[in-house]
Each structure stands twice: as structure tokens, then as C-alpha cells.
């Protein structure tokens, strides 16, 4: 496996930091509203098999590079440009939460640069009568407790004391997340009716105990995305890629291997 490194990646006049690790077929991971995760165990597991790209979304970490990204549609178009600029074959696209929403918005526009898509508790769709949680009004402690089923993860997050630089990045993250997901709250009313345009094998993973986006939403994605496979992960909250990293890696790798056959 090629050593992980953080590089600057530029698309047009927008420069972002990006983690890159591994070798092989390209895999692009789009992070959630909490911000760029840096190097986490899931990426090491995926990088043993793939050339893994983990960019920070424009506007996250710093608002200085977010000027042209006004909404989720702009973010989708940015990532279409991102994909066109990669000197690679088609990519395996993976996204969690906000990143899953962005991935779906990319796919309904153009699947030409995609090989497979994996969505982990994606935002973007609302199911009437199944209320979602509201991370915008949760305190940091409430958010930590509500994002995880295993509360030992939440306690570790709560115990962290951010530096001044980290606090500034967290503030930028919240501002940009609000720009993309404030109104309407974490969904695009038009997205659902275009999900039939997704033309690549799609896996949807969802924590059974997700308090932000209930796992009942998974059925709607299965209904709307042609051929989508849904797997519910027991004893798991919203951030399955962190809480159940080994299992999520296994499911992604098995799905992508099957898609090749």
C-alpha cells in the first residue's frame, strides 16, 4: 500500500486539501457535514485494495474557497469537474451522510465517470411521517451521543479539546453545512424523482440505530435507485464508517468485487 499523504488538489480556482493513499482502481470518498475526517481506519482498509482519494469539500475547514458553491447543486457540479480532472479510470464513489447526498446528486447528473456507488446513511431524501433528527439544534454533547450507538465513541469525542485552529475549522464546517442543508433540512425535494437515472451498481448501508437519519429511509433509496442493495447494520448509529469500520470495509469490498463479475 502506498503511504497516505495529504496533498493540495485544485479544481478550477478552488484548492482543497486531500488525503490520498493506496494503489489500484480509484475510490473517491465524500465526507459528511462534520468535516474532513483526515486518516481514519476505514481508509487504511480500503487503501489496501484501492487508490483512495478523500478530498475536503469546498467551504469546509475554511470558507475562503467556497465562494462559487452556493448549494448542493453547485457542489455536485464541482465534483463532476473534480472527476473529469482526475487522471484515472472510472471511480468507485463512496459517501456518508452529506457526502452520500452529494454522491447521489452527482450520479443523477452523469454516471460516466462512476464504476460503483456506496451510500452510507445518505441525506438528500425525506420520507413523510418519518422525522429526522436535527443536528443544527443539538449541542456538541447531544450530537456526539446521538451520532453513535456505542457511547464509548461519543465519550471519546466529548473528551477532546479542540485547538484554536481546530475550533475555527469546526465553525467553518457548521457554516458551510448550513449553507447546503439548512432549508429544506437535509434534502432536495427534486432528487427523489431523478434517482432512476443512477446507472451504476449501488450499495446503501445504514446503521439500524441512526438517530439523525432513521434507517427506515433506506427503503426509499432501495425503491428509487434501480437495483440498489440495502444492508442495515445492527447496533450502529449514523457514522457506520467510524463505529463499524471493519464491517463497513468488508461490505464495500465484497460489493465492489461482486460488481466486477
Item to complete: For residue 67, work out the one condition from (1) more than 15 Å from the chain's Cα centre (by Cα); (2) more than 30 Å from residue 142 (Cα to Cα); (3) in contact (Cβ under 8 Å) with a residue 40 or more places away in the chain it doesn't fulfil.
Response: (3)
Worksheet item: Restricting to the range 52-64, what's the tally of residues that are surrounded by fewer than 24 Cβ atoms within 10 Å (Cβ to Cβ), within 17 Å of the chain's Cα centre (by Cα) and either farther than 22 Å from residue 170 by Cα or modelled with pLDDT under 95 (or both)?
Response: 0
Practice prompt. All but one of (1) surrounded by 16 or more Cβ atoms within 10 Å (Cβ to Cβ); (2) part of a loop (DSSP other than H, G, I, E, B) hold for residue 29, so report the exception by its number.
Written response: (2)
Worksheet entry | Of residues in the range 157-192 being free of Cβ contacts under 8 Å to residues at least 24 places away in the same chain and in contact with a helix residue (DSSP H, G or I) (Cβ under 6 Å, 6 or more places away or on another chain), the one nearest to residue 220 (Cα to Cα) | 157
Worksheet item: Scanning for something within 22 Å of residue 208 (Cα to Cα), without any contact (Cβ under 8 Å) to a residue 12 or more places away in the chain and not in a helix (DSSP H, G or I), does the range 88-95 turn up at least one residue?
Response: no
Worksheet item: Is it fair to say residue 118 is at pLDDT 95 or above and either outside any strand (DSSP E or B) or closer than 22 Å to residue 260 by Cβ (or both)?
Response: yes
Item to complete: Determine if the range 245-258 includes at least one residue that is in contact (Cβ under 8 Å) with a residue 24 or more places away in the chain and more than 27 Å from residue 26 (Cβ to Cβ).
Response: no
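If only one of 195, 213 is closer than 16 Å to residue 122 by Cβ, surrounded by 13 or more Cβ atoms within 10 Å (Cβ to Cβ), touching a helix residue (DSSP H, G or I) at 6+ places or on another chain (Cβ under 7 Å) and touching a residue at least 60 places away in the same chain (Cβ under 8 Å), which one is it? First the steps, then the outcome.
Details: 213 fails: touching a helix residue (DSSP H, G or I) at 6+ places or on another chain (Cβ under 7 Å).
Of the residues listed, the single one that is closer than 16 Å to residue 122 by Cβ, surrounded by 13 or more Cβ atoms within 10 Å (Cβ to Cβ), touching a helix residue (DSSP H, G or I) at 6+ places or on another chain (Cβ under 7 Å) and touching a residue at least 60 places away in the same chain (Cβ under 8 Å) is 195.
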Worksheet entry | Scope the range 179-201; condition over 16 Å from the mean Cα position of the chain (by Cα) and in a helix (DSSP H, G or I); matching residues | 179, 192, 193, 194, 195, 196, 197
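The values are calculated or read from the model by the stated rules, or taken from the named source; none is laboratory data. Quick caveat, the model's predicted, so the values are computed rather than measured. When we count neighbours, we look across all protein chains shown, and the Cβ atoms used for this are built from the backbone with ideal geometry, even at glycine.
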